[in-house]
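Asker: Before anything else, here's the structure in question.
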Amino acid sequence: MHTFIIAEIGINHNGDMSLAKKLIDAAVVAGCDAVKFQKRTVDKVYTKEYLDGPRKSPWGETQRAQKEGLEFGKAEYDEIDAYCREKGIEWYASAWDIDSQKFLQQYDCKYNKVASAMLTREELLEEIASEGKYTFIATGMSTFDEIDRAVEIFEKHHCPYELMHCNSTYPMPPEDANLKVIRALKDIYKCKVGYSGHEEGTLVSTCAVAAGATSVERHITLDRNMYGSDQKASIEPYELCKLVRDIRETEKIMGTGEKVLTEAEEEVKKKLRG
């Protein structure tokens, strides 16, 4: 049993490549299997009215300035690609529109991701599934009917996928985790099911592994007090190290499910049963 652990950098790099590299470094040090980013074509994802609206940020006074300030382009992704290869860690990104998904196709990423917000965008799902890459599909905010339709698209394209149980609140109260849904999703869709968490701390994510999650994705940050809408629902480097360590211990603790007597137990048996 090896839980696939993803450190989601997302937009927590705040448009700063040096910060992105520090977050990649944190994931490498912790022992994560991959880092993940987010890619948007701002004018395709948001309306002009929304982008013209007010929003104070380090980049200006409008929503457009903020959204564009958080986006990396080709030069930055070329650097991310090279840096992750140098550090020996996989990277991939969740695209929020078809143009962004096509942009990502120029890189030799092993994985794709469907963000919870995109689960009902069928044209985007068709584009992703047509690539045939192993895809993590987050199910936050989704009904079983909506998940059914997304799964149908990936099945039609014979594209391998893994669902991810998720509650899309930032941060999520632990009592809303509802981790028994992991088993429900496995039973219904007969596939691997991971967990994408937005809670504070690491306990829920570790419990998700005990509940059967085959992957765990968490947003990471260098400091939760930094600017950004996802920072408060992220974990800092020391927590990421703890999470990876606890997940690996949980894998050992859960065992194989086979009833066997260990050598140590056999010795005790001799003494106590004669």
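The values are calculated or read from the model by the stated rules, or taken from the named source; none is laboratory data. Please read all numbers here as calculations on a predicted model, not as lab measurements. Glycine gets a Cβ as well: all are built from the backbone with ideal geometry, and neighbour counts include every protein chain shown. The protein model used for the area step is the full one, side chains on, heavy atoms only, and it has no ligands, DNA or RNA in it. Shrake-Rupley method; radii C 1.70, N 1.55, O 1.52, S 1.80 Å.
Asker: Stretch K252-T47 to full length: gain in nm at 0.36 nm per residue minus the Cα-Cα span?
Answerer: This chain segment gains 68.9 nm when fully extended.
Asker: Taking the Cα centroid of segment 30-77 and of segment 191-256, what is the distance between the two, rounded to the nearest whole Å?
Answerer: Centre-to-centre (Cα) distance: 24 Å.
Asker: Can I ask one more? Across all directions of projection, what mean area in square nanometres is found for the Cα convex hull of segment 19-144?
Answerer: Averaged projected area of segment 19-144's Cα convex hull equals 8.9 nm².
Asker: Sort out the exposed loop GluC sites (Glu not before Pro) in the chain (DSSP loop, at most 16 other Cβ within 10 Å) and tell me the longest stretch that has none.
Answerer: No qualifying site falls inside 132-257, the longest such stretch.
Asker: With axes computed from alpha carbons, what is the tilt in degrees of helix 237-254 against the longest principal axis of the chain, rounded to the nearest 10 within 0 to 90?
Answerer: 40 degrees
Asker: Among the lysines, which fall within straight-line cross-link reach of K259, defined as a Cα-Cα distance under 28 Å, with same-chain neighbours fewer than 8 residues apart omitted?
Answerer: K180, K186, K190, K192, K269, K270, K271
Asker: How long are the semi-axes of the ellipsoid equivalent to segment 181-264, from square roots of 5 times the Cα gyration tensor eigenvalues, in whole Å, largest first?
Answerer: One finds semi-axes of 29, 18, 7 Å for segment 181-264.
Asker: Could you work out how much longer the chain between K21 and K56 gets when fully extended? Use 0.36 nm per residue separation minus the Cα distance between them, nm to one decimal.
Answerer: 10.0 nm
Asker: Using only Cα atoms, tell me the angle between helix 74-87 and the longest principal axis of the chain; keep it within 0 to 90° and round to the nearest 10.
Answerer: 20 degrees
Asker: For I5, enumerate residues with amide H under 5 Å from its amide H, sequence gap 5+ or separate chain, H modeled in the peptide plane.
Answerer: For I5, the qualifying residues are D33, A34, V216.
Asker: I would also like to ask the following. Per residue, how large is the accessible surface of the chain? Use a 1.4 angstrom probe and give square angstrom.
Answerer: Heavy-atom SASA per residue in the chain reads 49 Å².
Asker: Let me ask something additional. Treat each spin label as a single point 7 Å out from the Cα along the C-beta direction, and report the T143 to R245 distance in nm.
Answerer: Label-label distance for T143 and R245, simple model: 4.5 nm.
Asker: Find which of Y92, L23, Q106 sits farthest along the positive direction of the dipole of segment 1-131, computed with +1 on the beta-carbon of Lys and Arg, -1 on that of Asp and Glu, about the Cα centre.
Answerer: L23
Asker: So, one more: Taking the 0 to 90 degree range and rounding to the nearest ten, how far is the long axis of helix 263-273 tilted relative to the main principal axis of the chain, both from C-alpha atoms?
Answerer: For helix 263-273, the angle is close to 40 degrees.
Asker: Find the percent of Cα-Cα distances in the chain that exceed 24 Å, and round it to a whole number.
Answerer: More than 24 Å apart: 52 percent of the Cα pairs in the chain.
Asker: State whether segment 127-249 is rounded, prolate or oblate according to the following rule on the C-alpha gyration tensor (a ≥ b ≥ c being the square roots of its eigenvalues): a/c under 1.5 gives rounded; otherwise a/b larger than b/c gives prolate, and the remaining case gives oblate.
Answerer: prolate
Asker: For segment 9-97, what % of the accessible area comes from carbon and sulfur atoms, probe 1.4 Å?
Answerer: Reported share for carbon and sulfur atoms: 50 percent.
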